[in-house]
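Here the structure comes first, spelled out in structure tokens, and everything after it is commentary.
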Amino acid sequence: MDAMRLIDANRHALAQAGTEQDVVVEAWQAHALAEAIGGHLTLHGPPEARTEASGLCEAAGRARGALHHPALRHPVVRGGGIRAVQLTEVRDLRRALPALAELLGDAGIALVQVASGTEEEALYWQCVESMDAADECRDRVRGILRHLEVRERGGAA
């Protein structure tokens, strides 16, 4: 499945998340998708963007790994499965990467709301760690976009 379809599905699910648990699950899904896209670009993306893509994959793994919630331990997350495993291609990098950065920003905002509203100290710190790693993901996405711009202009990275 193309990255844009998965990003759109994740964005919709995050917008519909009604509980703390739902938000954490959807933020985890967004980070898993960023990790999958980073991995895909590391293998199949433009050579000049592969280092940033590898960094995206690593940072997204940390963001996802920071969120430890009982709902995430179930083999099929919330009955819908792990969306990121459906990624088969990234057809339009110029469209998918900004959309991914926006999704990660939305997930970060949602995690801020969870962190500020929870009385569970562990959940608070998980959200903070995940938000920090997700910020790095957004930086990596911007780095990939910069490499693509340089490539399109015919310059060196």
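The values are calculated or read from the model by the stated rules, or taken from the named source; none is laboratory data. Quick caveat, the model's predicted, so the values are computed rather than measured. No Cβ is skipped: glycine too gets one built from the backbone with ideal geometry, and neighbour counts run over all protein chains shown.
If the condition is being of a type in the set (D, E, K, R), closer than 21 Å to V114 by Cα and surrounded by fewer than 21 Cβ atoms within 10 Å (Cβ to Cβ), then region 28-69 contributes only R62. Here the condition is being of a type outside the set (A, V, I, L, M, F, W, C) and either modelled with pLDDT under 90 or not in a helix (DSSP H, G or I) (or both); of G65, G105, it holds for G65 alone. Give me the residue from region 3-23 that is of a type in the set (D, E) and crowded, with 16+ Cβ neighbours inside 10 Å and, out of that set, nearest to T118 (Cα to Cα). So the residue we want is E20. Taking first residues from region 45-58 that are more than 9 Å from H147 (Cβ to Cβ) and partners that are of a type in the set (D, E), the Cβ contacts under 8 Å between residues at least 6 apart in sequence or on separate chains come to G55/E136; L56/E35; C57/E35. Screening E119 with (1) more than 14 Å from the chain's Cα centre (by Cα); (2) under 17 Å from L41 (Cα atoms) gives one miss only, at (2). Answer with yes or no whether R83 is touching a Leu at 6+ places or on another chain (Cβ under 6 Å), at pLDDT 95 or above and charged (D, E, K, R). Taking the combined requirement at face value, the residue does not satisfy it. The condition of being surrounded by fewer than 17 Cβ atoms within 10 Å (Cβ to Cβ), free of Cβ contacts under 8 Å to residues at least 40 places away in the same chain and hydrophobic (A, V, I, L, M, F, W, C) holds for only one of V112, V150, that being V112.
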